[in-house]
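Before any comments, here is the structure.
The values are calculated or read from the model by the stated rules, or taken from the named source; none is laboratory data. None of these values were measured; they are calculated from a predicted model. Heads up, the Cβs are rebuilt from the backbone with ideal geometry, glycines too, and the neighbour counts pull from every protein chain shown. Note: accessible area is taken over every heavy atom of the protein model, side chains too, but ligands, DNA and RNA are not part of it. Shrake-Rupley method; radii C 1.70, N 1.55, O 1.52, S 1.80 Å.
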Amino acid sequence: MDRNITSRRPDPDLREPVVDQRPLMRVQATPWLMVIVLIAAVAWLGWRAFFYEEEGDPVGSAMLAFEKQNSLNVFSSRFEIVAESVNSHGVLGIDVLSSRQATIIPATVTYRLDLGSMDSDAFAWDPASQTLDVVLPPLRISRPNLDEARSRVFTEGTWVTAGAQRELSRNNSLQAERRAAAFAKNPEVLALARDAAKGAVRQNLAIPLQVAGYENARVRVRFEGERAPS
């Protein structure tokens, strides 16, 4: 018995449905992309907070440090001054009463820098060598402080009146102050004060420069009229 086998095309409506996977892949990839972006943001913020140091303005940092101090005592010199006075009282041109007094008086003089008077022209920054050049104003010398309570007095005379004693002491004090002021300007003492001032300025600017991001910065200091250091 013959069988007629007739091939039939599948009904289009009965075919298995084809599912497009592309939208599903995009939906699955989106959360991972957000996680990656979040991790990158957290890493950048951590680097910014703990490792990154933004370099600031070295001249501005130096000026700010000086403005906060305004004045800086850099050196103090203590020494002894010898003063001598003579007091005479006479009659008809003849010295009847004569006395002499020598006094050794400790004196102290302070040297300071007027930092508040310095402007941006006093600073020069070389970014290539990370060197800050600073030009300082002249030192200000204080009025001598005489420690007369610790003075040693030597008086000569047969009869020294109270008035003569006061005059001798007053003259010796004035003389000691003048001599102390002159001694404070001695070139050797001034050289010591200048060296102390340069060292103090270098030390005071080291921390602000490090905070500004220049850990290897060098500070060169000189006074007005001095040659620039090499």
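Results, tabulated for the structure shown:
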{"read-out": "For the stretch 157-227, the spread of Cα positions along each principal axis, largest first, Å", "value": "73, 26, 16"}
{"read-out": "Per residue value of the accessible surface for the stretch 90-177 (all protein chains in place, 1.4 Å probe), Å²", "value": "57"}
{"read-out": "Projected-area average for the stretch 58-223 over all orientations - Cα convex hull basis, square nanometres", "value": "12.8"}
{"read-out": "Separation in nanometres of the label points that stand 7 Å from Cα toward Cβ, at ALA162 and ARG150", "value": "3.0"}
{"read-out": "Spin-label pair ARG143/SER76, simplified geometry with 7 Å Cα→Cβ offset, distance in nm", "value": "1.9"}
{"read-out": "Apportionment of accessible area to carbon and sulfur, the stretch 149-230, percent (1.4 Å)", "value": "49"}
{"read-out": "Student exercise, the stretch 58-223 dipole from Lys, Arg, Asp, Glu Cβ charges, in Debye to nearest 20", "value": "140"}
